[in-house]
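The values are calculated or read from the model by the stated rules, or taken from the named source; none is laboratory data. Computed from a prediction, not measured in an experiment: that's the story for all the values here. Don't worry about glycine lacking a Cβ; one is built from the backbone with ideal geometry, like all the others, and counts go over all protein chains shown.
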Amino acid sequence: MSSREILTLQFGHYANFVGTHWWNIQETGFEYNTTQPSEIDHSVLFREGRTPKGQVTFTPRLLLVDLKCSLKSLPKQGDLYESAPDSSQLFVEWDGNKVELQKNQKEPKNEFQIDLENPEALPSVSSKKYNLDENVEVWSDYLYSKYHPRTVNIVNEYEHCNEETPFDSYSSGTALWKNEMFEDEFADKIRSYIEECDHFQGFHILTDCTNGFAGLSSACLEHVRDEYDRKSVLVLPTIPAHFPDNDFKNDREQVFSIMNDSTRVINLLMSFNSYRQFGSMFAPLCAATDGWRQPGVPREFYHTQFNHKLPYHSSAILASALDTLTLKYRLKSTTCSLTDLCADLTGNDRKAISASLCMPFSLNSDAELIDCLDQWEGPLYRSITPRCKIGTERVMQHLMLRGIPETRLKKAQNKAGKQKEMAAYKCNSVKEMMEFYLSCTTFATASNVGVLEKAMPVSNPFPEIFDQWIGVNGNVCANPRGESQRVESIPILAGFHSGSEIGEMLESLHTEAKKLKIARFHKFTIEQDEYGESLNDILTLRENYEDSYLV
Amino acid sequence: MAISLLNPKAEVARAAQALAVNISAAKGIQEVMKSNLGPKGTMKMLVSGAGDIKITKDGNILLHEMQIQHPTASLIARASTAQDDMTGDGTTSTVLLIGELLKQADIYIAEGLHPRLLAEGFDKAKTKALEVLDKIKIPIEINRENLLDVCRTSLRTKVHQTLADVLTEVCVEAVLAIRPKDNKPVDLHMVELMQMQHKTETDSSLIKGLVLDHGSRHPDMPKRLENCYILTCNVSLEYEKSEVNSGFFYKTAEERDKMVLAEREFIDQRVKKVIELKKKICTGTNKTFVIINQKGIDPMSLDQLAKEGIIALRRAKRRNMERLSLACGGTAMNTFDDLSESCLGYAGLVYEHVLGETKFTFVEECKNPQSVTILLKGPNKHSLQQIKDAIRDGLRAINNAIEDKAVIPGAGAFEIAANKELLQWKDTVKGKTRLGVVAYAEALLVIPKILATNSGFDVQETIVKLQEESHTSPEPIGLDLTSGEPISPKDAGIFDNYIVKKQIINSCSVIASNLLLVDEIMRAGMSSLKG
Ligand SMILES: Nc1ncnc2c1ncn2[C@@H]1O[C@H](COP(=O)(O)OP(=O)(O)OP(=O)(O)O)[C@@H](O)[C@H]1O
Ligand SMILES: [Mg+2]
C-alpha cells in the first residue's frame, strides 16, 4: 500500500530541540543498501524533492517556527537547494555610492557542524567524540538533517532569549497567528505540502506549551481543523525539564521566577483546552515529574544519566519516545493509521493521553526476552507525561518495542530448560510475549504491542547519556564498555496510554490554574469569564476519565 | 506591572533625565534611518550571521529587521510600523519627523520652556498643518495617467528606475483590471502575487488570469488545453476513512481493501458527475474541461479524470476560489448536486509550466478578468523578496490614491508650504505656545532637508532657494533631486498619497508630545499604581 503521509509542524524552541533529535534519529537510521530495505516507511514523514540542479532530495515534511536569533549559524533557507550567496559578490542595481552593506559577524560553527560539511570527515562523524554537551546552545547546533527551504519560519517580532521582547503568553501567540506571515504564508505552506500528498492522513503538532507558542500552535491547530476537517491531528505539547529562571539567585529573581511559573500555568491551561477542542488527541510530554509550576525532579531511566538542565539531553529522551511510538503507523507492514490510533485511545472523548518510555529496554546481552521479563523488577516503563502515573487498571494502551529480534525471544525447545516451565514459553513472537506479559501485570487493560526488530540508532549527534554497563549494541553487559566506545543503538519500549490517572493530571493543572487571578496578568488579553470557562472545560475533560469505563 | 517596578531598567529616572533619554533615543533612530529617505536614499544590504540576505531601502522593513533595545526607540519604531500597516508608506518620514520635533523641542526646553507648552503648540500646529494639507491636495480623476504618476513616485524610492517603471505599468494595469466598475472599494487580494525564481526582475509581468503554484498530479493528464470550461469547487474527491477501525482488532490487508472499495463508491459517484457534465458539454466541440478543487483529489479519482482528458488540480488556495470566479466567471461549487454548464467559468488557455520541483498552472485568456496575477521574477530569493515588497507598496499607493481621489505634490512641497503658512499664522497664537508652533514648522523642514542631503546638495542653500521660490510662486514648490533646484512637483509628476501624509502629521505630533510629557505620564502612571 502506498504511504499515508503526515505533515509535522513544530512550534517553539524546545519543541524544535525535540524535533531535531527526532529527525536526526530517523536520518542516522537510513539504510542506503537496498539488499535489506528498511521496515520503516520513511515516506510517511519525509518527502522526495528535486533541487533546481535536478538532484533528488529527501527531506522532512516539516514546517517549524522559532524566534528571531534562534538559528545561529543556520541560514533560513538551508543550503540544500541553493548554497548561500557569497555576500562579497552581492550586487544590486542602485546608485553605486548609495549602497550600504551591513554585515553581521559570521556565526561560528562547532566541530560537529564543520565535519558535516566535509566529505572526508563525514564517515567518522557518527562515532567521533564531540563536546556537544557544552557546545549546543540552540537546536541547529546539532542538526544532522538538511531541511527543505520552506521548512524554517522565523518570527521577526520577538527575539529569542531577549527579555525586552518576551514571547511568553498564550495571547501573544494567538495574536501572532493573525499576521500575514502566518494566516497567509504559513497556511499556504501547509497547503502546498498537502497538495503533494496522495494519501495524506494527518498532522503531528510538536509544540512548546508554556510560552507564546502555546497560543500560536493553538491558533494554527484551529486553522488546520477548519481547513482539513477530516484529517487526524496528534498534538504533542512539550515542557522542558528545566527553566533557567527557576535557578534564581536573589529575591528579585525569585519574584520574577514565580511570576513566570504562573504565566506558564495559564499558557498550559489555555492551550490544553485548544488541543482538546481541535486536536484528535494530545499527549503532554516532559522529562521531569511535575511539568507545571516547576518541572520538578527529572524522570529516571535504567542505565541512563541525563542532565535535565540541558535541553539537548532532555529533548533526546522525548524524541526517542516519539520516534518509537509513531512507528505504530510508520512501518511498511502496518495496517494501523494515525486515525486508528487516535480512535483506540480516545474513547469517551478522552483526548488527553499519557506517554511512557523504557530506555534502553534493559536486556542482558546474553539473555532472552522471556527471562528478562520474568526477572524484571518494578514497572516496565516510566511515565514521561507530567504529574501522571501509568496505571495498570482499566487502561487502553498502544506500545511499541524495537530492537528485540525474534531470535532473542526464548531458547529453542531442546535447550530451553527452565524456560519451558513458564507460561510465556508458549508465545511464539515478541509481540505475543509482550502482550502476554502485559495481560498478566495489568487488570482490565487492553494492550496492543507493535514490534520492530531493528534497534534505535543513538550515534552522534544523540547525546551520550548511557552508563558504562550499556554495550555498543544497547544491551546490558557484564563488563563495562570501553572508554573509546560509544553506544550505537539501543532497544527501546514506548507507550501511549489512556487511563484514569490522566484525570488526576488534569485535576492538578486545574488546581494550579484556579489559584491565579487572570486580571492580574496584563500580558494576557483573556477576560475573567473566558478564563473561568477554560477552567471549567478542563474539569469537563477530567470527568471523561472518571466513570470506570471498561474496555 | 509589579515586575516592571522590580526591573532595574524601568526604575523611574528623574523626569528631566527621562526626557533627555527620550530625546536622545529619538535622535538616535532618526540618525539610523535618515539615509533611506527618497529616491536618492541609500539601499541597505543586510547580511545575517548565518548568511541570510535582505536588500531594502524601505523604512518599515528595516525597522522590522533592526534589533531595537531602547524602549523609546522601539516605541517610535512601533508608531512608524503602525503607520505602514495603515497606509503602506511613510515609515521613514515618521521616524524623521518625530526625531526632529524632539530635537527642536530640546532647544526650547534648554531655554526653560515647559514641555507642556510645547506639546500644546504642537497640537495647534498639527491642526493647522492638516488645513494646509487639505488646501494643497490635488483632486484627481481615477485614470491610468494619474495612477502611473503616484505609483512611479513610490516605486522609484524602492527599486532602480528601469525596474520601477516596469513594475509601475504592471501594478496600475493590475489594479485597473480588478477595480469594480461601480466604484466599490478595490480588494487588493484579488491581485495574486506569484514568484518564480528565474530570469531577472524586469521579466516580471502581469497575467490577466490566474497562476497557481501547483499542477496536475497525474502523468496522463494533458499539460495544455485550449477553450477550457473551468469548474471551481470545494468538494472532496478523495477517499477518507470514516469508519473508526481499531488497531486492536486486526483486519487482513484484503479485508481492508474490500472495505476501502465500498467506501470509494461514494467518491466515484462524485467523479462520475463531473465526467458526465464534461461529456455533455464538450463532446463534439473543441471545448475542454478543467477542474480546480480546494479539497483533495486522490489518485483513483485523478485516474478517472485523466482518462477523460480533464486537467484536475487539487488543494487550491481558499482565496483562489474567489479569484477564479472573478477571473474566469462561474461559481465555486460546494456540492455537485446540481452541476450544470452555468456553474462553469471559461479560460482560453490553461497550461502547465515546470520549474525545479514546482509546477505552475497558468489560467489565461480570460474574458474580462476581475482577478489577475503579477508574476514576479528574479534570480534569487532576496531579489524576489525585494520586488515583492516594492509591488506591495506600489499597489497600496495606487489604492490609496483611488480612495483619496486626490494626491499631494511630493518632493518636499507640502513641508515647504506648511512651514511657510505656519510661520505666517503663528502670530495669531497667544503666549508661549506659539514657540511650539514655530518648533513644529521648523521640524517639518527635515523632509526637504534630508532629501537634499541624500542627493548631495547643500542643505541651507537648498532650503533658502525653495523658500524664496515658494514665496513668489502660486504653485507648490518641491526639490528637483537631480539639479538641486526648485521645481513644480505637479509638472514633474511627483506625487505622494494624501492619506499617508495625513497619518504622518497625526501620529508624529501625538508621539512627540507623549515623549515630551514623559514626566507627567510617569507620575500619572505611578499614582494609578498606588491607587
Ligand atoms: N522623484 C522625487 N523627487 C523628489 N522627492 C521625491 C521623489 N520621489 C519621492 N520623493 C519624496 O521622498 C519621500 C518619500 O521617501 P521614502 O518613500 O523613501 O520614505 P517614506 O515614504 O517616508 O518611508 P517608507 O520607507 O515607508 O517608504 C517623500 O517625501 C517624497 O515626496
Ligand atoms: Mg515611501
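Structure values in brief
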{"read-out": "Matching residues in the stretch B:75-130 - criterion: being part of a helix (DSSP H, G or I) and of a type in the set (D, E, K, R)", "value": "B:R78, B:D84, B:D85, B:E100, B:K103, B:D106, B:R116, B:E120, B:D123, B:K124, B:K126, B:K128"}
{"read-out": "Matching option when the condition is surrounded by 20 or more Cβ atoms within 10 Å (Cβ to Cβ) and out of contact with any strand residue (DSSP E or B) (no Cβ under 8 Å at 6 or more places or on another chain), among A:F46, A:F11, A:F17, A:F30", "value": "A:F17"}
{"read-out": "Residue within the stretch B:348-371 that is of a type outside the set (V, I, T), away from every other protein chain (no Cβ under 14 Å) and within 30 Å of B:L481 (Cα to Cα) present", "value": "no"}
{"read-out": "Test for B:V437: is it farther than 25 Å from B:D84 by Cα, touching a Gly at 6+ places or on another chain (Cβ under 6 Å), crowded, with 24+ Cβ neighbours inside 10 Å and of a type in the set (A, V, I, L, M)", "value": "yes"}
{"read-out": "Any hit, the stretch A:336-359, residues being within 18 Å of A:V18 (Cα to Cα), surrounded by 24 or more Cβ atoms within 10 Å (Cβ to Cβ) and within 14 Å of chain B (Cβ to nearest Cβ)", "value": "no"}
{"read-out": "Selection count, the stretch B:275-304, where residues are in a helix (DSSP H, G or I) and within 14 Å of another protein chain (Cβ to nearest Cβ)", "value": "5"}
{"read-out": "Criterion violated by A:Q77 - all others in (1) more than 8 Å from every other protein chain (Cβ to nearest Cβ); (2) of a type outside the set (D, E, K, R); (3) under 30 Å from B:L163 (Cβ atoms); (4) in contact with a strand residue (DSSP E or B) (Cβ under 9 Å, 6 or more places away or on another chain) satisfied", "value": "(1)"}
{"read-out": "Number of positions in the stretch B:444-501 that are within 16 Å of ligand 2 (Cβ to nearest atom) and either without any contact (Cβ under 8 Å) to a residue 40 or more places away in the chain or part of a helix (DSSP H, G or I) (or both)", "value": "11"}
{"read-out": "The stretch B:82-101, subset farther than 23 Å from B:R116 by Cα and more than 13 Å from ligand 2 (Cβ to nearest atom), residue surrounded by the most Cβ atoms within 10 Å (Cβ to Cβ)", "value": "B:A82"}
{"read-out": "Pairs, first within 8 Å of B:N60 (Cα to Cα) and touching a residue at least 12 places away in the same chain (Cβ under 8 Å) in the stretch B:74-94, second within 15 Å of ligand 2 (Cβ to nearest atom) and of a type in the set (G, A, S), C-beta under 6 Å, six or more apart", "value": "B:T91/B:G59; B:T91/B:S80; B:T92/B:G59"}
{"read-out": "Selection status of A:E512, more than 14 Å from every other protein chain (Cβ to nearest Cβ) and crowded, with 18+ Cβ neighbours inside 10 Å", "value": "yes"}
{"read-out": "Check on B:G41, within 12 Å of ligand 1 (Cβ to nearest atom) and facing chain A (nearest Cβ under 8 Å)", "value": "yes"}
{"read-out": "Per-region count, the stretch A:101-159, residues among the hydroxyl-bearing types (S, T, Y) and under 19 Å from A:P311 (Cα atoms)", "value": "5"}
{"read-out": "Hey, B:I98 of a type in the set (V, I, T), out of contact with any Ser or Thr (no Cβ under 6 Å at 6 or more places or on another chain) and away from ligand 1 (no atom under 16 Å from the Cβ) or not", "value": "no"}
{"read-out": "Number of the condition not met by A:H497 [criteria: (1) assigned to a loop (DSSP other than H, G, I, E, B); (2) closer than 30 Å to A:E453 by Cβ]", "value": "(1)"}
{"read-out": "Within the stretch B:137-166, considering residues that are touching a Phe, Trp or Tyr at 6+ places or on another chain (Cβ under 6 Å) and touching a residue at least 60 places away in the same chain (Cβ under 8 Å), the one nearest to ligand 1 (Cβ to nearest atom)", "value": "B:T153"}
{"read-out": "Filtered residue count, the stretch A:160-194, keeping only those that are more than 11 Å from A:G212 (Cα to Cα) and in a loop (DSSP other than H, G, I, E, B)", "value": "8"}
{"read-out": "Count of the stretch A:291-326 residues which are within 17 Å of the chain's Cα centre (by Cα), surrounded by fewer than 24 Cβ atoms within 10 Å (Cβ to Cβ) and among the aliphatic types (A, V, I, L, M)", "value": "1"}
{"read-out": "Residue in the stretch A:80-93 that is in a helix (DSSP H, G or I), within 14 Å of chain B (Cβ to nearest Cβ) and loosely packed, with under 13 Cβ neighbours inside 10 Å present", "value": "yes"}
{"read-out": "Qualifying residue in the stretch B:360-372 (condition: more than 30 Å from B:M221 (Cβ to Cβ) and either within 16 Å of ligand 2 (Cβ to nearest atom) or of a type in the set (D, E, K, R) (or both))", "value": "no"}
{"read-out": "Qualifying residue in the stretch B:409-419 (condition: within 16 Å of ligand 2 (Cβ to nearest atom), outside any helix (DSSP H, G or I) and not small (G, A, S))", "value": "yes"}
{"read-out": "B:H160 within 16 Å of ligand 2 (Cβ to nearest atom) and either among the hydrophobic types (A, V, I, L, M, F, W, C) or more than 13 Å from B:I391 (Cβ to Cβ) (or both)", "value": "yes"}
{"read-out": "Number of the condition not met by B:P409 [criteria: (1) surrounded by fewer than 19 Cβ atoms within 10 Å (Cβ to Cβ); (2) closer than 15 Å to B:G478 by Cα]", "value": "(1)"}
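Matching residues to (1) touching a Ser or Thr at 6+ places or on another chain (Cβ under 7 Å); (2) surrounded by fewer than 20 Cβ atoms within 10 Å (Cβ to Cβ):
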position: B:A164; (1), (2): no, no
position: B:V175; (1), (2): no, no
position: B:D182; (1), (2): no, yes
position: B:M196; (1), (2): no, yes
position: B:E201; (1), (2): yes, no
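To keep it simple, each residue is scored yes or no on (1) at pLDDT below 80; (2) polar (S, T, N, Q); (3) closer than 17 Å to A:K68 by Cα; (4) touching a helix residue (DSSP H, G or I) at 6+ places or on another chain (Cβ under 9 Å).
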site: B:L37; (1), (2), (3), (4): no, no, no, yes
site: B:M45; (1), (2), (3), (4): no, no, no, yes
site: B:G49; (1), (2), (3), (4): no, no, yes, no
site: B:T56; (1), (2), (3), (4): no, yes, no, yes
site: B:G59; (1), (2), (3), (4): no, no, no, yes
site: B:E65; (1), (2), (3), (4): no, no, yes, no
site: B:Q69; (1), (2), (3), (4): yes, yes, yes, no
site: B:A79; (1), (2), (3), (4): no, no, no, yes
